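Asker: After the structure tokens below, expect a handful of questions from me.
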Amino acid sequence: MNQANKTIETNGNDESIVRSDAAIKPRKMHFDFDSVQDAYWYDGNAILTAYFTALSATFPPGEQEFIDSVRHYRDQITDPTLKEQVRGFIGQEAHHRHQHHQVNEVFDALGLSATRLEAHLSRHIAIQRKRHSPKTLLAATVGMEHITAILADHVLNHPDVIAPMPKAMQDLFRWHAVEEIEHKAVAFDVYHRCEGDRIHLNRVMKFQTLEFIIRSACYTLAILYWKRKMPSLNEISAAFRFFWGKQGLMRNLAAPYRSFFKKDFHPWNKDNRDLIANWKENTPSLA
Ligand SMILES: [Fe+2]
Ligand SMILES: [Fe+2]
């Protein structure tokens, strides 16, 4: 990132922090979700379809929680740039949850029980909100925003990940990925300004990661179970390659995931704004 777009400053603990001055623009989108007509819409593969459906199911309640946990601190932020970025972050996440809810209803109609999972996650989050402090809830959002940002980077750098999807789903995931990169530092900067406790943040991140992996696996299995679908051996081996193969998701995400725990970590230490620029260039009608 060049200096024109990077600000270095200190927080109350005299630690230097760095943040992006990039504009965060919510975009109102329209996707043709009615064109998604195959039940196994990811390459005919039941496991990978269930996985991406489960992921989509988590967004409406999950992203509402991201909004709520950041919004709690809004009045404590005096810096006008960060205040504006928080507004952009809330706007983008609100659009994401809306669009994913729309497609989740389409998945329901195909026999993939996405909104049932949305309701399950909403109940879980309501319990967590009563149990935990605003600081822990914000730390959990920071952790999930890092996971979302590295997933977004992977998806945009590996077009083959979403190429097997119907066009509307490709457009949805690309747009969502681009905006996750645009606002990837907002929750982190708010936490750093208002709380600044890295030890707590790292501890919450470890729990959050474990919970996310277990939840993704359980929701994927639930979709298959409710659909009464037993995947074939071919589907199992394709899914295994998708996650654990040489170019697989898990292998590719391991290093960027671990970067979170470095002492000088900041989301914009990795400058991937070229992915945003590419998307804008390739999809001017959406950008
Ligand atoms: Fe999002
Ligand atoms: Fe996000």
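Since every read-out is calculated from the coordinates, none of them should be taken as a lab result. Nothing here was measured: the structure is a model prediction, and the numbers come from that model. Counting neighbours? That spans all protein chains shown, and the Cβs are built from the backbone with ideal geometry, glycine included.
Asker: From Cα coordinates alone, what are the radius of gyration and Dmax values for the stretch 151-226 in angstrom?
Answerer: So, for the stretch 151-226, Rg and Dmax equal 16.1, 44 Å respectively.
Asker: Looking at the stretch 40-282, I'd like the Rg to Rh ratio, where Rg is from alpha-carbon atoms and Rh is Kirkwood's inverse mean 1/r.
Answerer: Rg divided by Rh gives 0.95.
Asker: Something else now. Give a quick list of chymotrypsin sites (Phe, Trp or Tyr not before Pro) in the stretch 153-253 that DSSP marks as loop, anything other than H, G, I, E or B, with at most 14 other Cβ atoms within 10 Å.
Answerer: Taking the stretch 153-253 and a limit of 14 other Cβ atoms within 10 Å, no loop chymotrypsin sites (Phe, Trp or Tyr not before Pro) are found.
Asker: Could you tell me which of rounded, prolate or oblate describes the stretch 34-147, using a ≥ b ≥ c as the square roots of the eigenvalues of the alpha-carbon gyration tensor, with rounded for a/c under 1.5 and, failing that, prolate when a/b is larger than b/c and oblate otherwise?
Answerer: prolate
Asker: Any idea what the alpha-carbon Rg over 2.2 N^0.38 Å comes to for the stretch 180-287?
Answerer: The reported ratio for this selection is 1.40.
Asker: Counting only trypsin sites (Lys or Arg not before Pro) that sit in a DSSP loop (anything but H, G, I, E, B) with at most 10 other Cβ atoms within 10 Å, what is the longest stretch of the chain containing none of them?
Answerer: The segment 29-227 is the longest one with no such site.
Asker: Here's another thing I want to ask about it. What's the angle, to the nearest 10 degrees (0 to 90), between helix 198-226's Cα axis and the longest principal axis of the chain?
Answerer: For helix 198-226, the angle is close to 10 degrees.
Asker: Using only Cα atoms, tell me the angle between helix 114-131 and the longest principal axis of the chain; keep it within 0 to 90° and round to the nearest 10.
Answerer: 30 degrees
Asker: Quick check: the angle from helix 233-244's long axis to the longest principal axis of the chain, C-alpha only, nearest 10 degrees?
Answerer: 10 degrees
Asker: Under a cut-off of 16 Å between alpha-carbon atoms, report the aspartates and glutamates in cross-link reach of LYS227, not counting same-chain residues fewer than 8 places apart.
Answerer: ASP38, GLU105, ASP108, GLU235
Asker: Could you tell me the convex hull volume per residue, in Å³, taken over the Cα atoms of the stretch 139-195?
Answerer: Hull volume normalised by residue count: 64 Å³.
Asker: Lysines within cross-link reach of LYS25: Cα-Cα under 21 Å, excluding same-chain residues under 8 positions apart?
Answerer: Within the straight-line limit of under 21 Å, LYS25 reaches these lysines: LYS6, LYS83, LYS184, LYS270, LYS280.
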